[in-house]
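**Q** The structure follows.
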Amino acid sequence: MYFFGKYNHQMDAKGRLRIPCKLKSTLGSDFIVSRGVGGCLFIFAPDKIEEIQHKLASIPFGDKQNQ
């Protein structure tokens, strides 16, 4: 499941981020938020995070031939 869009929100005084209702109703109550690229946040379902970690680990970031 992928979501694309732009949501401008600020953190509250306790450092919490409001998740838009449109996303929250689809995500449910458990999800992982991670810093993405370009100032974006990535939101993952807990059952998908291991799969994503394996995919990222297989990318040869330091291999100049694959850049």
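**Q** What spacing in nm lies between the two simple spin-label points modelled at residue 10 and residue 31, each 7 Å away from Cα in the Cβ direction?
**A** Using points 7 Å along Cα→Cβ, the separation is 2.3 nm.
**Q** Under a 10 Å cutoff between Cα atoms, tell me which one of 48, 24, 14 has the largest fluctuation in the Gaussian network model of the chain.
**A** Comparing 48, 24, 14 in a Gaussian network model of the chain, the most mobile one is 14.
**Q** A further question follows. When the dipole is taken about the Cα centre of the chain, and only Lys, Arg (+1) and Asp, Glu (-1) are charged at their Cβ, what size is it in debye, to the nearest 20? Walk me through the intermediate numbers first.
**A** Details: 10 positive and 6 negative charges, 74 e Å.
Roughly 360 debye, rounded to the nearest 20.
**Q** Before anything else, pin down the relative contact order of the chain: Cα pairs under 8 Å, at least 6 apart, normalised by residue count, whole percent.
**A** Worked out over the chain, it gives 15 percent.
Each value in this text was obtained by applying a stated rule to the coordinates, not by laboratory testing. No experiment lies behind these values; they were computed from the predicted model shown. All Cβ positions, glycine included, derive from the backbone under ideal geometry; neighbour counts span all protein chains shown.
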